[in-house]
Structure formats: structure tokens, C-alpha cells
Amino acid sequence: METAQGAGVTLTSICGGEGTCSKCKVIVKEGGDALTPVTGIERNCFSEAEIGDGYRLACEARIGGLAEVTVEIPLESRSASYRLQAEGSETPVALDPSVTAVHFEAVPPGPGVATAVDESVRDALKKAGISIDLVDSRCLEAIAPDLRGLGWRGEAIVYDRSRLMALVKDGTPLLGMAFDLGTTKLAAYLLDLRTGKVLATTSQVNPNVLYGDDVMSRLSYIADHPEGFERLSASLRGAVSQMIGDACRQCGEERSHVREMVFVGNTLMHHLAMGLEPSSLGSSPYAPITRETCRVEARSLGLVAGAGCMVYSLPNVAGFVGADCVADALAAGFDRKEGTALMVDIGTNTELILLKDGHLWTASTASGPAFEGAHIKHGMRAASGAVEHVALDESLRVRYQTIDGAPASGICGSGTIDIVAELVHHGMMDESGRMRTSQVNSLIVEGADCLEAVIVPPGESASRRSITFTQKDTRELQKAKAAVAAGIAILMERASTVLEEISELVVAGAFGTYVDMQNAMAIGMLPHLPLNRVRQVGNSAGTGARMCLLSREAKVRADLIARKMEYVELAGSAVFQAAYLRSLGFPPHRGPSP
């Protein structure tokens, strides 16, 4: 695994190399004698036949000394080419960005006049109603040659109506970028700050998945490796820099025209992006370095963009509720909405926001591992070939759909929810989650160590092996869905509200975009509401970031949202644990919502 990480090979590692997720499977083709013996963890993961075929876990197999070893990385172990959700519902704002272009016509200093170039610029901008700050020595160095090249007239690029960033020709492109720095995926949007138009969108897998697929595994990596923080921070910012170039190339623009970037993400991603050492997030009381809005120059983070480019990060709320949650609430308009509404941003971590009578409660649950394929026998992320939807027809035959229509390689989160909902509905699983065999159907069979449902027969899968969903997989899904349901229950209890009062359920995130809402309600993960009260909004954190890039008022609103959010700590809470245990089972099937 360390060799793969060093080479930039995107090998799946949900647990960060702890040997608990079994997702970093490789097949040793040559040089197996140079590897350490098969471990007990690997023997629990593979059959004797698979071990004989060369199957190993990359996090367990070590290379002894200098040796040449050739391994094949099966499709299900490759973490590239995930389906990444960049799109989100738009929330219009009045165009008023922090970065503006102001036309000026300066008077050159004349002989015998005690004046300076910077004074000429100040005087010219005062006529346009702008009082600038010229304390940046680099900006001062560029003023004279820029002015001469422009003929003492052009546009001043100004930040927050006071900070001079550059002098350019009239009509020079004025660009900004908004970033959603997710635990699993990164999404970026290039915008024209003169018109508000989105010029390009790009997304990629967060390179930090090499060091663990969830927040706690990455914090463990940082704690266990002296260079861990620098490695994760540098890889994240390297990806941001690459996305700037990718977005600009899409529309033929230059990165030198990018003048502001807005970052949103969970608290760990915020700290890594802004260069803040995050160890305090790894243990109680899980305190962030700061919860305040951050503004720094892009060059101080090693990001190459336009002269004077600023990086603005929305505020955090708590150790496990970050700027992405604030952006969610902003995009949903929860600071202006009346009544009672619930927002659920389902991802590697699930953020919850409950609005009632103008008050906001928020919490975060560690739901992601099972939804992302961790601890599921044939689980995988939402990549090409993942079974994403499953239904049983009248003859109880499995009908499944894969991403891109590719041969089935595994099952992603939305597929697992469909499977359980269908098994419960057709009586093949009871309300406790126990599978049942049937005389009239061979869907449920005896596996190696537990019952399992055959979803894809061997003749139809990419690996030519059956893809199944096991009794153990059911337990993992129960834990994930119970965490979400219990978090919602705690917030509703804290707000003294009941289901009938919720006028709108807003579901955000990539997982929330593709999951079947009726099935998510049927298994008790989400509250059972009429579908006309449910709104799936996609990447709303990215929407909130774009709003802040285009509107100074949106930034003010985001600050106010963060300050008024009441954070509800779930970790270690006996009340949460009780709600979690109550939520493990499946409710009786109610039929479709009207």
C-alpha cells in the first residue's frame, strides 16, 4: 500500500490501511516469494482458493527488501473514476462579488511635482469612489510598469472595495473559483465575476483517499506519521491547483485571471486546505483551530492564480460540522425560510440541519463507510459497474442496474438500500434484519459463513464470480442507517418538533441524489414523508460556495448562519446511543408515499 501511495496509484483504502475494510485487494502475479506470509486478517478475508490464486491485501503484504513484485489491481480495488456529483440546484443571488473591476484614468507625475505613482492611482480611484489600501509591496512593485504599459488608464482589480490587487486593460477577464472540498470528492466551479455565469465545472477524487476514506482514519494517519499532516495538506492543495488549470483549459481562460477562490468543506478539509495542523480534531473535545472565516492570499498556500488572488473560506461550526454544512444551509435558504424543515447531506459523513421558527440545530453522524461500500462483502463506491438500483419482479427475480451499464463489479450504497427494502417488502428479511430462506425462491442461499442474497450470478459479473449481499452486510447497513435516523431523532427532540410539522425534507450530496427516496424511508433511514415534501438538491455545498463567490451579502449571511447554529454533540451521548439502538430495526412496509 505504501508503495502504491508513493507512486500515486489510487488503490482503494477505506480504513486507511488498518486491515479492517478488505477493499485493497490485489492479485500477486510475480515475485510473491518476496512478500511476507499471508496474515490472519487476510485468511479471514479470502478463501483458500483465492489465496492460492495470489489474492492479498495491500495493507498487509510487505515487500522484504529490494525485490520486483508484479500485482494486478482488480477493478473493484481501483478508486479512480467514481461518479462525482458536482451539480446542484441553483439559488440566485444579486451579483455583487468581493472582487470588482474599476475603470481609472490616472494623471502621470510631472517634473517638479512632489507626487508618486501610487498617489496618482489613489487619486484616480477616489474619483470612482474607491479608497484603496496599497500596503502590499509586490503590488507596489508592479504599479509603475503596469501603468506605463496601460498608458495610465485601464481597470483596477479591487478586493472588498479597498485592496488593490492589479491594474489591467479594460475588459480583461475577471474570474473566480468556488471549491467544495469533500471527504471523497472535490468539485470546482469557474465563474465569470462580471456576469455571474459558470464557465466550467470540474471534479476529481480527493487524493486524501489514499490515506483513509473517512475523517477519523485520516486523523489517525496524521497522528501515526510525522509527515502525515504535510503530506495530506500538500496533496489536497496540489489537487486544487490542478483543478484550477483544468477548469481554465476547458474554456480557454488563463489562471492569471482568477482573483478569488471560495472554499467549503468539513472541518478537517478546511484545516488541511488552509494549512492548519488538525490534531486537535482527533480526540475529545474535537476542537477546531478556528471557527472563524479565513481570508489569505492564494500564494501563501502555494496556489498559482492571478496577482493578489484571495482565498476565502466559510466559517466552521464545530469539529465535525464544517463550512460545507454552513454552505448547505445557505443554499437551502434556511436563514430566510419560515416554519420547520430538515436538511440531510448524505456522504462519508452525514450532516443534519433542522430549522424551526428561525432557529437552527445541526449535528454530524459517521454514516459513510457502509454507504460508500466499506465492510460490505461486494461493496464499492459509485464507479462504473457498480450495482446502483435493484428491484424484485413479480416472480421474485432480481432486476438490477449498473452505473454506465457496465458489467457488474460490486454494489454501491444506493444499491444496498434497494436490496434491503426489497427483501423486507417481500418477506425475505424480518424487521430485525434477519434473512429468511424460502422454499419457492433461491435468492437467499447459504454462504460460506452466513446467509446471502445472490444479486448478480457469476455469468453476468465482471469477475465471473457471484455478487452477493450477505447477512453481515445487512448489519453494516443497519448501523449506517441507524446513525442517520438517530441523529434526526435527536435533533427533532432537541427542537421539540414532530414529523407532521416538517414541511420540507431537503436531501443533498451525491449519495442523496441517486438513492431511491421511497426505499430510504422504507428502511427507516429517513423520516416517512409524502414525496411532494422531499427535495433532492445535489451538491448544495457547492451551490453555497458559488453564492459566496458572487455575493458579499451571501458571505455575511453565511457568517450569521454559522453563529446562530446550535451544534448538538452526538459522540458519547447516551441519548444518541439509545436512539441509535431503537433505529437498528426496519419498520413494517407502508407502501409508496402519495
The lone condition ARG535 fails out of (1) crowded, with 22+ Cβ neighbours inside 10 Å; (2) under 22 Å from the mean Cα position of the chain (by Cα) is (1)
When PRO108 is run through (1) modelled with pLDDT of 65 or more; (2) outside the structural domain of ALA124 (by TED's automatic domain parsing); (3) part of a loop (DSSP other than H, G, I, E, B), the failure sits at (2)
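Counting only residues that are closer than 18 Å to ARG475 by Cα and small (Gly, Ala, Ser), which one in region 416-451 is surrounded by the most Cβ atoms within 10 Å (Cβ to Cβ)?
This residue is ALA421.
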For GLY245, the lone unmet condition from (1) at pLDDT below 95; (2) small (Gly, Ala, Ser); (3) surrounded by fewer than 22 Cβ atoms within 10 Å (Cβ to Cβ) is (1)
Considering region 249-264, residues that are surrounded by 24 or more Cβ atoms within 10 Å (Cβ to Cβ) and out of contact with any Ser or Thr (no Cβ under 8 Å at 6 or more places or on another chain), and then whichever is farthest from VAL296 (Cα to Cα), we arrive at VAL258
Residues of region 171-200 being surrounded by fewer than 22 Cβ atoms within 10 Å (Cβ to Cβ), in contact (Cβ under 8 Å) with a residue 40 or more places away in the chain and not β-branched (Val, Ile, Thr), in sequence order, are PRO173, ARG194, GLY196, LEU199, ALA200
Selection from region 104-128 of residues loosely packed, with under 14 Cβ neighbours inside 10 Å and within 18 Å of THR172 (Cα to Cα) yields GLU105
Restricting region 452-481 to residues that are crowded, with 23+ Cβ neighbours inside 10 Å and under 23 Å from MET343 (Cβ atoms), the one farthest from the chain's Cα centre (by Cα) turns out to be LEU477
ASN316 passes all but one of the listed conditions (1) assigned to a loop (DSSP other than H, G, I, E, B); (2) over 30 Å from PRO407 (Cα atoms); (3) out of contact with any His (no Cβ under 8 Å at 6 or more places or on another chain); the exception is number (3)
Within region 202-258, the residues that are under 23 Å from MET1 (Cβ atoms), assigned to a helix (DSSP H, G or I), in contact (Cβ under 8 Å) with a residue 40 or more places away in the chain and of a type in the set (S, T, N, Q) are ASN208, SER217, SER220, SER233
For region 541-555, check the following and say yes or no: at least one residue is touching a Pro at 6+ places or on another chain (Cβ under 6 Å) and surrounded by fewer than 21 Cβ atoms within 10 Å (Cβ to Cβ). no
Listed by first then second residue, the pairs whose first member lies in region 393-407 and is assigned by TED's automatic domain parsing to the domain that holds SER438 and touching a residue at least 12 places away in the same chain (Cβ under 8 Å), whose partner is part of a helix (DSSP H, G or I) and surrounded by 10 or more Cβ atoms within 10 Å (Cβ to Cβ), with beta carbons under 6 Å and at least 6 positions apart or on separate chains, are none
Of (1) at pLDDT 95 or above; (2) closer than 30 Å to ALA156 by Cα; (3) touching a Leu at 6+ places or on another chain (Cβ under 8 Å); (4) not charged (D, E, K, R), VAL326 satisfies every one except (2)
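From the set of residues in region 533-556 that are out of contact with any helix residue (DSSP H, G or I) (no Cβ under 8 Å at 6 or more places or on another chain) and touching a residue at least 24 places away in the same chain (Cβ under 8 Å), which is farthest from GLY322 (Cα to Cα)? Please lay out each step first, then the result.
Initial filter on region 533-556 (out of contact with any helix residue (DSSP H, G or I) (no Cβ under 8 Å at 6 or more places or on another chain)): 533, 535, 546, 549-553, 556.
From what's left, touching a residue at least 24 places away in the same chain (Cβ under 8 Å): 533, 535, 546, 549-553.
Details: ARG533: 26, ARG535: 22, ARG546: 17, LEU549: 18, LEU550: 21, SER551: 20, ARG552: 20, GLU553: 20 Å.
Only one residue fits best here, namely ARG533.
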One residue is enough: does region 493-511 have a residue meeting the conditions in contact with a His (Cβ under 7 Å, 6 or more places away or on another chain) and under 17 Å from ALA370 (Cα atoms)?
no
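Considering only residues that are among the small types (Gly, Ala, Ser) and either outside any loop (DSSP other than H, G, I, E, B) or touching a residue at least 40 places away in the same chain (Cβ under 8 Å) (or both), which ones fall in region 466-495?
Let us first name the residues in region 466-495 that are among the small types (Gly, Ala, Ser), namely 466, 480, 482-483, 485-487, 489, 495.
ALA480, ALA482, ALA483, ALA485, ALA486, GLY487, ALA489, ALA495 - these are the residues of region 466-495 that are among the small types (Gly, Ala, Ser) and either outside any loop (DSSP other than H, G, I, E, B) or touching a residue at least 40 places away in the same chain (Cβ under 8 Å) (or both).
The values are calculated or read from the model by the stated rules, or taken from the named source; none is laboratory data. Worth saying up front: this structure is predicted, and the values here are computed from it rather than measured. Here Cβ is always computed from backbone atoms with ideal geometry, including for glycine, and neighbour counts include all displayed protein chains.
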